[in-house]
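Visitor: I have a structure I would like to understand better, so I am pasting it below and will then ask my questions one at a time.
The values are calculated or read from the model by the stated rules, or taken from the named source; none is laboratory data. Bear in mind the structure is a predicted one, so any value in this text is a computation, not a measurement. With ideal geometry, Cβ positions are generated from the backbone for all residues, glycine too; neighbour counts draw on all protein chains shown.
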């Protein structure tokens, strides 16, 4: 029994030692995590210092550039001052020249007065010429009106000539169709005369052909002459109206 109780006590001691070892291990793990966190913060701080150093370097470079630009601007300002001095001297010279020009301007003003008087006399002459031109313009207007009237009459005559040319063409067409009728009647008369004179025979076919050709020519001429006669009647009425209008204009 004593031995068993000793073993139990040993087991308790071992368990307590194991628990203590676990607690120490957890403490060591926590310490390692804190160490890693501090290392990460130190690294971040180092990176930030590096970034700030780079920015400071850039600012130093920019400051150097600004100093160089300021020097250039100072030199340009000095050059501008020299230029301004030169311009002041030139302005003084220009003032002297302006005085000279003022004297010349006075002389020119006197000459301009003389030219104004001469221009006034020319204006009077121009007024008289303008009056003459107005009279000539009135005469020209009258002549233009006469020319317009003559042009209208010429256009009317041209229209009449065109109408008469068309009427002449219609009459010529009617004359041609009357010639067809006359020729057809002549062939008919010739064919009938030949048939009555020679009687019926071998040449009767030629005689009948002449009669048929004459009748066809007569029918063709009559048919077309009827149309032409209607056109001629219309043109005759228009011609009578045209003659009456010409008499009324005269």
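Visitor: Would it be correct to say that residue 243 is modelled with pLDDT of 75 or more, part of a helix (DSSP H, G or I) and closer than 30 Å to residue 156 by Cβ?
Guide: Answer is no for this residue.
Visitor: Please verify whether residue 113 is more than 30 Å from residue 212 (Cβ to Cβ), exposed (fewer than 11 other Cβ atoms within 10 Å of the Cβ) and within 48 Å of the chain's Cα centre (by Cα), treating the condition exactly as stated.
Guide: no
Visitor: Checking the condition over 18 Å from residue 229 (Cβ atoms) and in a helix (DSSP H, G or I), which residue from 178, 185, 190, 171 passes?
Guide: Just a single option satisfies the conditions, and that option is 190.
Residue-by-condition table, conditions (1) free of Cβ contacts under 8 Å to residues at least 24 places away in the same chain; (2) farther than 15 Å from residue 176 by Cα; (3) exposed (fewer than 13 other Cβ atoms within 10 Å of the Cβ):
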{"residue": "193", "(1), (2), (3)": "yes, yes, yes"}
{"residue": "196", "(1), (2), (3)": "yes, yes, yes"}
{"residue": "208", "(1), (2), (3)": "yes, yes, no"}
{"residue": "218", "(1), (2), (3)": "no, no, no"}
{"residue": "225", "(1), (2), (3)": "no, no, no"}
{"residue": "228", "(1), (2), (3)": "no, no, no"}
{"residue": "232", "(1), (2), (3)": "no, no, no"}
{"residue": "239", "(1), (2), (3)": "no, yes, no"}
